[in-house]
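Undergrad: My structure is below; once you've seen it, I'll send some questions.
The values are calculated or read from the model by the stated rules, or taken from the named source; none is laboratory data. Because the structure is predicted, anything quoted here is derived from the model rather than measured. Positions of Cβ are generated from backbone atoms using ideal geometry, with glycine treated the same way; all protein chains shown enter the neighbour counts. The area values use the complete protein model at the heavy-atom level, side chains included, leaving out ligands, DNA and RNA. Shrake-Rupley method; radii C 1.70, N 1.55, O 1.52, S 1.80 Å.
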Amino acid sequence: MSETPRLVVGPFNRVEGDLEVHLDVAEGRVTAARVNAPLYRGFERMLDGRDPRDALTLTPRICGICSISQSAAAARALGAAMGLVPTDQGAMLAALIHAVENVSDHLVHFNLFFMPDFTRPCYAARPWSPRAVARFAAIEGQAARAAIAARAGLMHILGLVAGKWPHTLALQPGGVTRTPGARDVLRIQTELRMFRKHLETQVFGGALEDFAALDSRSALMRWDRGDAGLFLEIAADLDLDALGRGAGRYLSFGAYPLVEGHGFAPGLWQAGEVTAPNMAAIAEDLSHSWMLGGSAHPFDGVTRPDETMREGAYSWCKAPRLEGAPVEVGALARQLIDGHPLAGQLAGGGVLARVAGRLLELARTQALMEAWAEALDPGAVFMRQGRMPEAGAGAGLVEAARGSLGHWLRIEGGKIASYQIIAPTTWNFSPRDAAGVPGPLEAALVGAPVEPGEDSPIAVQHIVRSFDPCMVCTVH
């Protein structure tokens, strides 16, 4: 038996929103985990009784990292209630705006939040340690400084067509408020070329198309260029492929909806098959959450905090389930469901798979953004007008960097009667449900090694960060 049979690890955070992980440990391994979101915010209750259009102002402030994702979900929910869809060019520009935020998020996560863990003294004897320290050490790392500069350049696109970031009001149910001129389109294309240069010289050390063409695990592990190659060398040395494996059930609402389809396809992946997810079969289980009420679909759900924080519950996070089972969401899920062969070989999950999924998505999304920028037509209509109904309902289903994000809206008497949100980290960091089935992170932590004397096991930290924790979105 371990000398530390129970551990509380944390707080973890992603700029904002804390996370605690409670671990049971035996014989040097995690035997059970409980993920606690110790913060309650209540954005869903703030929206009750308001003009439905207020959602476009309030929900982006759930998070300053995935603000545009919240805007996109709110605009889609309102559009569904109004019976309004964006114009072709409006949808394309909205997709470009959203993709800029998502790839920026992936870049920052890799350089500033995930890779610095490998610069710790516990890895000093590893052959790759000096290179990891030179590239990713906090404050001093060369990669971090270069990534921040590249991200700032990419964000110029949002200044041009979204007005500001975060908390833009540019995304609307009928499209986008700004019609880009010919000069704007040229500047967008220029910024994308500069961002490609950063990805190819720093992150991948080669052409994006070459990385995106990798079709097997063995081909991936032979990639030895750029910071991606350094990560893969570290992953092979530490066996990050086997660390933190998930349950193998993945969901995507579909990223970047356009008139002709999604940039990355929607679906549910399980047992090697992709099917259309039954959105009516989503329910939020509250059995282990400090919330009042029963299990319900978001259209019928409520957000009422249990101020007594009853025994048996251990998180402010709800437990969303699809057809009664947990699902993992994120870049790996999107690439797997979109049918990329490399993602298919990484379907077992694990730290390697999740990070490789983000790298693959970085390369593939750059190509999408360039194609959209090339297709922008300054002479087209970018916004369609509509009327808000006195009564109605709508769902806004999008993909944030961390995974599937849904807003479910009901309107009665011209006001919001109910507004429920399931964020990506609500799916991934959910507590147990009534059947005692753990959420994806809780399941992935079982079996993680705990060295003697470790009070914050490094393996546990790698697993948590591979999911990219952002608890402020989880608890809205």
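Undergrad: Determine, for each peptide in 72-82, 439-449, the mean count of other beta carbons within 10 angstrom over its residues, then list the peptides with the highest first.
TA: My ranking of the peptides, most packed first, is 72-82, 439-449.
Undergrad: A further question on this structure: Express the carbon and sulfur contribution to the solvent-accessible surface of the chain as a percent, rounded to the nearest whole number, probe 1.4 angstrom.
TA: Percent of accessible area from carbon and sulfur atoms in the chain: 53.
Undergrad: Using R₀ = 22 Å, calculate the FRET efficiency as 1/(1 + (r/R₀)^6) where r is the Cβ-Cβ separation of Asp455 and Ala124; round to 0.05.
TA: Plugging the Cβ-Cβ distance into 1/(1 + (r/R0)^6) gives 0.65.
Undergrad: Give me the log10 of I(q) over I(0) for the stretch 200-294 at q = 0.24, 0.25 Å⁻¹, as the Debye formula computes it from C-alpha points; what are the numbers?
TA: Cα-only, vacuum Debye calculation for the stretch 200-294: -1.18, -1.20.
Undergrad: Next question, about the same structure. Using label points projected 7 Å from each Cα along Cα→Cβ, tell me how many nm separate Asp300 and Thr201, to one decimal.
TA: 5.8
Undergrad: Find the Rg to Rh ratio for the chain, where Rh is the Kirkwood radius over alpha-carbon pairs and Rg uses the same atoms.
TA: Reported Rg/Rh (Cα atoms, Kirkwood Rh): 0.96.
Undergrad: So how strong a dipole does the stretch 339-406 carry about its Cα centre when Lys and Arg Cβ are +1 and Asp and Glu Cβ are -1, to the nearest 20 debye?
TA: 240
Undergrad: Which of the listed residues, Ala212, Asn278, His156, is farthest toward the dipole's positive end in the chain, when Lys, Arg count +1 and Asp, Glu count -1 at the beta-carbon?
TA: Of the options given, the answer is His156.
Undergrad: Same structure again: Please give the contour-minus-distance gain from Ala149 to Val446: 0.36 nm per residue of separation, less the Cα-Cα distance, rounded to one decimal in nm.
TA: Answer, rounded to one decimal: 103.1 nm.
Undergrad: While we're on this one: What fraction, in whole percent, of alpha-carbon pairs in the stretch 204-248 exceed 12 Å separation?
TA: Considering the stretch 204-248, 64 percent of its Cα-Cα pairs are separated by more than 12 Å.
Undergrad: How large is the dipole of the chain about the Cα centre if only Lys and Arg carry +1 and Asp and Glu carry -1, each at its Cβ, rounded to the nearest 20 debye?
TA: For this selection, approximately 940 debye.
Undergrad: With +1 on each Lys and Arg Cβ and -1 on each Asp and Glu Cβ, how big is the dipole of the stretch 171-240 about its Cα centre, in debye rounded to the nearest 20?
TA: Result for the stretch 171-240 is approximately 560 debye, rounded to the nearest 20.
Undergrad: Further question: Could you compute the FRET efficiency for Ala325 and Ala380, with r as their C-beta to C-beta distance and R0 at 60 Å, rounded to 0.05?
TA: After rounding to 0.05, the efficiency reads 0.90.
Undergrad: So for the pair Ile139, Thr190, with labels modelled 7 Å out along Cα→Cβ, what separation do we get in nm?
TA: Between Ile139 and Thr190, the label points sit 3.6 nm apart.
Undergrad: Among Asn102, Ala147, Gln172, whose Cα lies farthest out toward the positive end of the dipole of the stretch 91-208, if unit charges sit on the beta carbon of Lys, Arg (+1) and Asp, Glu (-1)?
TA: Ala147
Undergrad: While we're on this one: Between Glu273 and Glu27, what is the FRET efficiency for a Förster distance of 51 Å, r being their Cβ-Cβ separation, to the nearest 0.05?
TA: Given R0 = 51 Å and the Cβ-Cβ separation, E is 0.90.
Undergrad: State the volume of the convex hull built on the alpha-carbon positions of the stretch 362-417, expressed per residue in Å³ and rounded to an integer.
TA: In the stretch 362-417, the Cα convex hull volume per residue is 104 Å³.
Undergrad: For Lys197, which lysines qualify as cross-link partners when the Cα separation must be under 29 Å and same-chain residues fewer than eight apart are set aside?
TA: Partners within reach: Lys164.
Undergrad: Solvent-accessible area per residue for the chain at a 1.4 Å probe radius, Å²?
TA: 37
Undergrad: Can you give the Rg and Dmax of the stretch 120-199 based on its C-alpha atoms, in angstrom?
TA: Spelled out, the Cα radius of gyration and Dmax of the stretch 120-199 are 18.4, 57 Å.
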